[in-house]
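Working notes, beginning with the structure itself.
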């Protein structure tokens, strides 16, 4: 105790404390930093193959716009370095890519997905091998088990409703761009969209919305999709008062006028 | 009063008191009351002794109302208002007009544990816990929409048929105030549930008020009791919605109806119908049955719609939170024109002067436009009367085509209103039609100025064409499509002359002339301008604008000449004259003359003081 107290005054003590502090902080930082899920050896072996297959698919289908090394082509296609596997899976599996024709925005078209799930994985592996980017989501965040619908709804209204509408029916953006409807969209695609921020959409990374919050939002959307909001009769396109106005000025008042004509005529 | 007065005669009643009506008022109660008029049961006797009820009932139930479906548009509004009053009372039993914060613990899972205002929570409770509550809410909202649609169409009917003319200008003004109050009442009610959509609406209203030059901020703080949202606005809107505005609405509505009774109902022109009578059915029993029946029709349709079609699903929008907003935020349609004006007004209209921001980009569309629209509507009858110099009373309606300039002005105004309204749903249009929202805005900005001009000219020309077509029909009859070939080889299309009932509708309107033609020349014989005020010159040119293209109605002389010409033509070919039987029919008597007994038969006791 006394020797330690004496050492405290030593000129070297400051350096030792500094060294200890730095070591401790660095180790803690490294230990706590989010890491990519580790893959087992067998997976690692197939991954190299996937990357090579993915590169071939990429050269055949994507390189025209994104460049032969996915470095992007000016004013045609963006660089894909760092977009990650999640982005590739979202864009290709929803039929947005390859883009059939230049447009303000790629539209979802699941009927025309040109690739098998395996091929999409290979392309994703290739793009992910170029630079680190968001990985595809964990299955545990897509099963919606134990998700909190109410918390999801609150997060949805704060982060998503201003573009996608509180009922998930979509909305317009500037110059022909739009936020598409979220009804009938696969859980994984919703998750990937939040993670990668495709097109005009902002990125909601895991610091912004944790995976659990993302799962909650997806659960909320699935609740709506399954008719959880459908009380009080048929909704008219879920576009709020615009649908009501359309109804009242056509069928509503039309019925009233038809009956008024009938009553006005009777016994006249 | 004859005993047959309550039997439907399809006959007219004379507007002015006729000799038949002039009878001694019945004693307050006498044993022969029942026998004198079997309609009123004797049990009313004691009541009548104390209140004079029978006299009032006799007056009320003897009123005559003309029949036309378009007269029922106002009734749609009236009955919808009644439905709103009934269902609204029901809703107040559960609604909590408070912005106090609570955590929801009801049966609607997606909001369980979410913080919200008591107003929103009680609206959810009405929807999900109270038996029949959701139906009542939907009835209330749909009836409110029917109220305003009915009111708008009623106003359009009154406008396009010229029913606002003297002596009914004051009632038109009351109607315009009713319309304004109705949309404010609607907006207040729409805001009460404090959901995300209506909260956004209140936020917009907050911004509108702030845009008022100089006083904006103070006015906002006064109404909201401090910063937005505060805790005062929902309770204040509640009292406005359930007490203040309904009281004024109902009061003005009673005045509106009373004036209809005092002025008597207008009627479309027809044989035997004049400015001095009303042809139709008395209230008891025919009209009461019809109007009462129509109430149930309106209630039935509204209930059906409310049971089948969702409206204002507040649970979808979520509770109001100033940090949130939803895409596709629109108010109910009656506020669209104001909201749409805001979406069309360019941003550069905002400027800073004397250290104050002047938000003309908002002020013009919200605070100025809303009252301006209703002021223009309110003064229109007086402007038209001044321009046309028509100071006479009118009880016969005009067909819209016979007032081409008014019809064109009305539809041009409606087109402007529609452009503004469509601008409110520019985002919905963009996504549904896959257009660019920017393009839609540019198109609507242009349309706001161009469309009314096009509509004006097209509608005016259409009216004039229809008038010419009417003339054609009166003079030459209806084309039958029957082609007759004469022995000489000539071909005829047989024209069937109109009978006098049909013709009456086409010839009885008057042909107005511009004031310049009746007022005398602008310059006297020496070429010196007559001392007319500037307004006089304006009035002349406006009058010219109104009436210069008038198509005159066919006169009896013209009709006779046309028939003579027709006969002459037919006589050219004697064989054809026989083939074309209808063509040689005698020219009928002058339109408007009594033509048959059932139209105007005073002897059956159809004359009344109505």
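Where a number appears in this text, it was derived from the coordinates with a stated rule and is not lab data. Because the structure is predicted, anything quoted here is derived from the model rather than measured. Quick reminder, even Gly has a Cβ in these numbers, built from the backbone with ideal geometry, and neighbours come from all protein chains shown.
With respect to chain A, whose longest principal axis is taken over its alpha-carbon atoms, helix A:187-196 is tilted by about 60°. Between residue A:135 and residue B:382, the simple spin-label model (points 7 angstrom out along Cα→Cβ) gives 7.8 nm. A Cα-only calculation for chain A places Rg and Dmax at 27.3, 118 Å. Applying 1/(1 + (r/R0)^6) with R0 = 30 Å to the Cβ-Cβ distance of residue B:545 and residue B:443 gives a FRET efficiency near 0.55.
Across all Cα pairs in the protein assembly as shown, the calculated P(r) in 20 Å bins from zero up to the longest distance comes to 11, 32, 29, 18, 7, 2, 1, 0 percent per bin.
Peptides A:113-124, A:13-24, B:112-123 ranked from most to least packed, by the mean per-residue count of other Cβ atoms within 10 Å: B:112-123, A:113-124, A:13-24.
Ordered by packing density, taken as the mean number of other Cβ atoms within 10 Å over each peptide's residues, highest first, how do B:457-466, B:478-487, A:177-186 rank?
Values: B:457-466: 16.5, B:478-487: 12.2, A:177-186: 18.4.
Top of the packing list down: A:177-186, B:457-466, B:478-487.
Multiplying the residue separation of residue A:174 and residue A:226 by 0.36 nm and subtracting their alpha-carbon distance yields 15.7 nm. All Cα-Cα distances of the range B:73-333, cut into 10 Å bins from zero to the largest, leave 6, 26, 31, 20, 11, 5, 1, 0 percent in each bin in turn. Before anything else, pin down the relative contact order of the range A:92-219: Cα pairs under 8 Å, at least 6 apart, normalised by residue count, whole percent. Here the relative contact order equals 25 percent. Rounded to the nearest 0.05, the FRET efficiency derived from the C-beta distance between residue A:101 and residue B:262 at R0 = 60 Å is 0.30. Averaging the Cα positions of each part gives two centres, and for the range B:113-138 and the range B:366-390 these lie 42 Å apart. Taking label positions 7 Å along the Cα-Cβ direction at both residue A:29 and residue A:10, the computed distance is 2.7 nm, reported to one decimal.
Send over the per residue convex hull volume for the range B:454-497, Cα only, as a whole number of Å³. Could you put the intermediate results ahead of the total?
Working: hull volume 3.7 nm³, N = 44.
For the range B:454-497, the hull spanned by Cα atoms encloses 83 Å³ per residue.
Please check which bits of the range B:311-334 a label hung off residue B:128 would reach, taking the label as a point 7 Å along Cα-to-C-beta and the cut-off as backbone N under 18 Å. Once the point is set 7 Å along Cα→Cβ of residue B:128, B:311-321 turn out to lie under 18 Å by backbone N, inside the range B:311-334. For the residues of A:163-171, the average number of beta carbons from a partner chain within 10 Å of their own beta carbon is 6.
Beyond 19 Å, what percent of the Cα pairs of the range B:315-463 remain?
Working: 7279 of 11026 pairs.
Tail fraction, whole percent: 66.
Taking 25 Å as R0, compute the FRET efficiency from the Cβ-Cβ separation of residue B:59 and residue B:289 and round it to 0.05.
Numbers: r = 19 Å, r/R0 = 0.76.
Once rounded, the FRET efficiency stands at 0.85.
Measure nothing fancy, just the Cα-based angle from helix A:84-93's long axis to the longest principal axis of chain A, in degrees from 0 to 90, nearest 10. Approximately 20 degrees, to the nearest 10. When the alpha carbon gyration tensor of the range A:139-225 is reduced to an equivalent ellipsoid, its three semi-axes come out at 20, 14, 11 angstrom, largest first.
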